[in-house]
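Below is one structure, written out as structure tokens; comments come after it.
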Amino acid sequence: MSSKGFIYELGSDGVAVVTMDMRDQPVNTMNDEYISLMSNVLSQVKTDICRIKGVIFTSAKRTFFAGGDIATIKSDREEQAWDRALDLNLKIKRQLSELETIGVPVVAAINGAAMGGGFELCLACHRRIALSSRETTLGFPEVTLGLLPAAGGIVRTVRLIGIEKSFAPLMEGKKYTAQEALELGLVDQVASTKDEMINDAKDWIFKNQNAAQPWLVKGYKIPGGDAFAPNNAMMLSAGPAIVRKKTKGLLPAPEAILSVISESTMCGYQSAMMVETRYFMELLKSPEAGALINTMYYQMNEISAGQSRPKNIEKTECKKVAILGAGMMGRGIAYVTAKAGIEVVLKDTNLENAALGKEYCRNLLDKQISSGRMSEEKSERILSLIHPSENDNDLKDADLIIEAVFEDLDLKLGLTKATEPFLNENAIWGSNTSTLPIGLLSEGLSDAKRFIGVHFFSPADRMPLVEIITGELTSDETIARAYDYVRQIKKTPIVVRDGRGFYTSRVFGCYIDEGLHMISEGVDPVLIENAAKSAGMAVGPLAVMDEVELELMRKVGVTNKELDERLGENFCKIHSQMQAHAIKMCDMGRSGRSVKKGWYDYFDDGSKVMWPGIKEMYGGQTEIPFNDIIDRLLFRQVTETLDCVHRSILSSSRDANIGSIFGWAFPAHTGGAIHFIDWFGGRDAFEVRRSELVERYGARFELPDSLNRILAAIGE
Amino acid sequence: MTTEAIIYDAVRTPRAKGKADESLNEVKPVDLMAGLLTSIEARQSLDPSRVGDVILGCAGPLAEQGGAIGKTAAMVAGWPDSVSGMQLDRYCGSGLEAINIAAMKVMCGLESLAVGGGVESMSHVPIGIGGSAWVSDPAISTQTEYIPQGISADLIATIDGYSRNDVDQVALSSQSRAVNARKKGYFKSVVPVVDKAGRTILAEDAFIKPDTTMDILGGLKPSFVKAGAMGFDDLAIAKYPRLASINHVHTPGNSSGIVDGASAVLIGNETVGNELGLKGRGRIVSMANVSTERLIMLTGPAPAARKAIKQAGLTFDDIDLFEVNEAFASVVLRFIRETGVDPEKVNVNGGAIAMGHPLGATGGILIGTVLDELERRGARYGLCALCIGAGMGIATVIERI
């Protein structure tokens, strides 16, 4: 069926049904086209006003309405663009305001997802009836892109359900089902079929000919009162602290939304609408919104669309995966694979270990059952897909082998060689390594084209990223199949090329390494940890070492040294501080969190205190500007990322940005390790600051080539 | 300064816990205040028509305490229409600010006689109930780095390294000194609160806990752990990144009590005193306002004291007695550390930890308390200082006559 815009059909019962079906786009969105469609509907209703009883908005698409059109926002970040955005916003608002006062009842018959602007349209209607289906999700995702719902979404939500209930839907970007939205008061009614929904809508129209928005009725009071009602005032005084605990003050959107929630209650309806718009415009101009839209919207979409996947290869489906090694990583990978409905052979050297791995999956599922997020049946279905094994014969039907044994080159090579005879000839071999070069490992397989790295992060059941590492000989088909598998298990793939430490381990190590440079210089360790948090890193470099375990880092260091000798390289140099300190700490018995001793001392009550020995060893009296600590930690990661681009380990900014945010929690508000440069103020500002860091703190901050040339390599 | 501002009288109500059904809860805030005005009139056989202005501090100037309560109280006290009145809010510094302004009016010749003081019925108008842009408006509180005072007090303790034991010692000392002073009748400025029939409702400070011990104090739970965990600790640490955590040492036992109370100080020039036969008890020597770092907030008293002392041409050694409002124990410890004064000269008869801090009234209470004690000891100079929201501080130096 070809799309026709907004189809207006006035029935003999006097009800006009507007079916939204915008031309040349898969979903309905708020853009210039929408303005003219809505304008036509409004004039038609006014023309027919004497003979119609009401209006119903519904959709011909799979979704009801997808929201604001990000394309209208991104195109360019110039003054004229801001003017256009403001103009569009005000037009949308004027139309919705006209709709809610048009003189006949207006019902939103929500037959699919209504997100952001789509739900704001619903809020301008007098009644919201949602179809109870899996597809019907409602909510305000704007905050996740650094924006706020600016088509009256905040103002109307607060006036509809009050301040207290508005926090979660507006500030957390949560999606609600029709039923949840009903309980929250965001919709008025839930229908189980489309016919029921339309009939209910008509029924309501016939019975409520004088319908009006409650907030436009004289004597209206906001449920729960305005911002200065005692309960609200109390919540709003703690609100900013609660927000900042999460955002460290680095994300302006939640703060702005909180402000609009509060301030919109302290003035008239039209003024509240302007308050909302003015905060929106402020956010729109923020580097954070630019960063989030770039990375979390556009680049995330590129990854979903397979931009880093080899083209011209049919989409593949993985049916059976064999996982070698039922340790921490192996069992986690088994869990996420089975959860996606893929059969799993979980093989270990003995059946008992393999069974323990399955037990681990059962525990994860049991936790979800007890919290009501999983049904017994589904859990059993998932578990029935996991086959513990100690027998190589069980590998024969697998499409994909994921080797997740200890990081030992000879062990892995031996295992690959020994296992190959049992494999299906089409199977591809993925190694879950974070250290060993894919080129070396692939020597274990007679056909290196079928060898690839699939680096999961720990714990695999929670970490969303998988770093796919292509060896020199890895075929496009192998890459495509690995990519499709990662998508199949609903994780986010990035594709990088083989190189020591690949991308994520290499750069993450530099973050830690820079923290330790400062420790060695005698900078106060507490200051370093706090600066890391102020920078937006989830965990400070010292705390993260304890979590990863210093013992593990020491072992990785040994492996890297051996690799350096074998390959005639000097990779160890970039993580020299990390390796030296890991050895030193382990020698003192401070090998990490598991032994309750690392850079911190850990206590039975779950608390931790920084180990006083650090200051005894290093002083902690050296004074450097706090901002230098922050920038050293961040720039070290960014310059190393640029080095990865230079070395062709990275071939796109999306892989760099997404990989950094989801791989090791690089601060999302910057848009990731490459977009950071834009967020920081552009290439010139970045280069000025980087030169300062080179001058003050050393050649680690040097780039291997000019910034422009490096970025040109990835088309930036 | 051309004219001296002379203190002719200083009175206060006793203080009682500021909660429903406690002894002063049945008394309206205006009545608390009017009772003091009436008592000054009686004690001094004062012709109230000679009073030009009644300036009152009140940190919760709304509802019953709203609307220029100085004027309302003057009318309720039966003072003539010619007496003007106002209310001002400088948070906890309101009462002392009111006295300072009354003194300034006298000094500059604008008034010959005025009342300064304050009133706060915290049982009627609970602290913070009205909200404010600073505290309740998310955009403003974010921009201005608002954190609750208790977190600031704990922040001072963390930075200075005051242990729970250190702050509890301050509390114990406040209690034992207050018990002693009350028993020996040192609080001459206390005027009983009476009902319309003239019967006493409360005659003495009721908030003091004579049986307190270090064990009891040590057993109290810290008050600001929860607020800290909500995110306020993180805000404090973001500003003071050398701290790994905030040490929450303040409890209801070592923080000022929430109480009901009022104070009034009669200030005038020498001429009016002679004319009315009033006996001068002290003179206002100097006064100062300062403002310090907003987030740590409670560090104003020492710099305010320094400024006022300098203004008076004196040194810390010249001051015989210091009244530093015990908003929190760490505030007093910080004052002592920063000024180096002898702790035996500070809050010698206890303070707000033992007797309570009726926000806007406290400044006037401190003036009365220090004046009583200067007279008892025959000493000369006293200094009153308070920490104030958002980092401010206020101090006044007085001299016994």
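The values are calculated or read from the model by the stated rules, or taken from the named source; none is laboratory data. Being a predicted model, the structure only gives us computed values, none of them experimental. Reconstructed Cβ throughout: ideal geometry from the backbone, glycine too, with neighbour counts over all protein chains shown. Protein only, heavy atoms only, side chains kept; ligands, DNA and RNA dropped before computing areas. Shrake-Rupley method; radii C 1.70, N 1.55, O 1.52, S 1.80 Å.
Kindly indicate whether A:L364 is buried (at least 18 other Cβ atoms within 10 Å of the Cβ) and out of contact with any strand residue (DSSP E or B) (no Cβ under 7 Å at 6 or more places or on another chain).
Values: buried (at least 18 other Cβ atoms within 10 Å of the Cβ): yes; out of contact with any strand residue (DSSP E or B) (no Cβ under 7 Å at 6 or more places or on another chain): yes.
Spelling it out, A:L364 is indeed buried (at least 18 other Cβ atoms within 10 Å of the Cβ) and out of contact with any strand residue (DSSP E or B) (no Cβ under 7 Å at 6 or more places or on another chain).
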Boolean, A:N40 is in contact with a Phe, Trp or Tyr (Cβ under 8 Å, 6 or more places away or on another chain) and loosely packed, with under 15 Cβ neighbours inside 10 Å: yes
Just a yes or no: is a residue in segment A:597-617 open to solvent by less than 20 Å² (accessible area, probe 1.4 Å), outside any loop (DSSP other than H, G, I, E, B), within 14 Å of another protein chain (Cβ to nearest Cβ) and among the charged types (D, E, K, R)? no
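Only one residue in A:L436, A:L441, A:L473 is modelled with pLDDT of 95 or more and over 22 Å from A:L552 (Cα atoms), so which one is that? Step through it out loud before you land on a result.
Working: A:L436 fails: over 22 Å from A:L552 (Cα atoms); A:L441 fails: over 22 Å from A:L552 (Cα atoms).
Being modelled with pLDDT of 95 or more and over 22 Å from A:L552 (Cα atoms) holds for just one of A:L436, A:L441, A:L473, which is A:L473.
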Going through A:A238, A:A256, A:A229, A:A201 one at a time, which residue ends up being among the small types (G, A, S), surrounded by 23 or more Cβ atoms within 10 Å (Cβ to Cβ) and within 14 Å of another protein chain (Cβ to nearest Cβ)? A:A256
If we keep only residues of segment A:297-326 that are closer than 20 Å to A:E142 by Cα and open to solvent by 50 Å² or more (accessible area, probe 1.4 Å), then the residue nearest to the chain's Cα centre (by Cα) is A:Y297
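Tell me the helices (runs of 4 or more DSSP H) entirely within segment B:291-401 that contain at least 2 residues that are open to solvent by 40 Å² or more (accessible area, probe 1.4 Å).
Working: elements: B:301-311, B:329-339, B:352-355, B:362-377.
Filter on segment B:291-401 gives B:301-311, B:329-339, B:362-377.
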Suppose the filter is hydroxyl-bearing (S, T, Y) and over 25 Å from A:L90 (Cα atoms); does A:S192 pass it? yes
Could you grab me the full set of residues in segment A:19-49 that are under 32 Å from the mean Cα position of the chain (by Cα) and part of a helix (DSSP H, G or I)? A:D32, A:E33, A:Y34, A:I35
Among residues of segment B:234-268, those that are under 30 Å from A:G620 (Cα atoms) and not in a loop (DSSP other than H, G, I, E, B), counted: 6
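Going residue by residue through segment A:210-219, is there one that turns out to be within 14 Å of chain B (Cβ to nearest Cβ) and open to solvent by 70 Å² or more (accessible area, probe 1.4 Å)? Even if it seems obvious, please write down each step before you answer.
From segment A:210-219, those within 14 Å of chain B (Cβ to nearest Cβ) are none; that's our starting set.
No: segment A:210-219 contains no residue that is within 14 Å of chain B (Cβ to nearest Cβ) and open to solvent by 70 Å² or more (accessible area, probe 1.4 Å).
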Within segment A:88-99, can one find any residue that is among the acidic types (D, E) and over 21 Å from A:I154 (Cα atoms)? no
Out of (1) touching a Leu at 6+ places or on another chain (Cβ under 9 Å); (2) outside any helix (DSSP H, G or I); (3) away from chain B (no Cβ under 14 Å), what's the single condition that is false for A:G249? (3)
Tell me yes or no: at least one residue of segment A:467-487 is open to solvent by 10 Å² or more (accessible area, probe 1.4 Å), without any contact (Cβ under 8 Å) to a residue 60 or more places away in the chain and within 30 Å of B:R242 (Cβ to Cβ). no
Looking only at segment B:228-280, and only at residues there that are at the interface with another protein chain (Cβ under 9 Å from one of its Cβ atoms) and of a type in the set (D, E, K, R), the one that is most open to solvent (accessible area, probe 1.4 Å): B:R242
Matching residues in segment A:374-414 (open to solvent by less than 20 Å² (accessible area, probe 1.4 Å) and small (G, A, S)) number 4
Could you tell me whether any residue of segment A:189-202 is part of a loop (DSSP other than H, G, I, E, B) and within 20 Å of A:S133 (Cβ to Cβ)? yes
Step by step: first the residues of segment A:500-536, then only those that are surrounded by fewer than 24 Cβ atoms within 10 Å (Cβ to Cβ) and at positive phi, then the one that is farthest from the other protein chains (Cβ to nearest Cβ). Which residue is that? A:G501
What about A:D461, is it among the acidic types (D, E), open to solvent by less than 70 Å² (accessible area, probe 1.4 Å) and in contact with a Leu (Cβ under 7 Å, 6 or more places away or on another chain)? yes
Of B:K226, B:K221, which residue is assigned to a loop (DSSP other than H, G, I, E, B) and out of contact with any strand residue (DSSP E or B) (no Cβ under 8 Å at 6 or more places or on another chain)? B:K221
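Being hydrophobic (A, V, I, L, M, F, W, C), open to solvent by 10 Å² or more (accessible area, probe 1.4 Å) and more than 20 Å from the chain's Cα centre (by Cα), is that true of even one residue in segment B:69-76? Reasoning before the result, please.
Just the residues of segment B:69-76 that are hydrophobic (A, V, I, L, M, F, W, C), to begin with: B:69, B:73-76.
Restricting the remaining residues to those that are open to solvent by 10 Å² or more (accessible area, probe 1.4 Å) gives B:75-76.
Checking which are more than 20 Å from the chain's Cα centre (by Cα) leaves us with B:75-76.
Among the residues of segment B:69-76, at least one is hydrophobic (A, V, I, L, M, F, W, C), open to solvent by 10 Å² or more (accessible area, probe 1.4 Å) and more than 20 Å from the chain's Cα centre (by Cα), which makes the answer yes.
Anything in segment A:167-190 that is on the phi < 0 side of the Ramachandran plot and of a type in the set (G, A, S)? List them, or say none.
Going through segment A:167-190, the residues on the phi < 0 side of the Ramachandran plot turn out to be A:167-172, A:174-184, A:186-190.
Hits for segment A:167-190 are A:A168, A:A178, A:A181.
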Criterion (at pLDDT below 95 and not in a strand (DSSP E or B)) met by exactly one of A:G173, A:G224, A:G162: A:G173
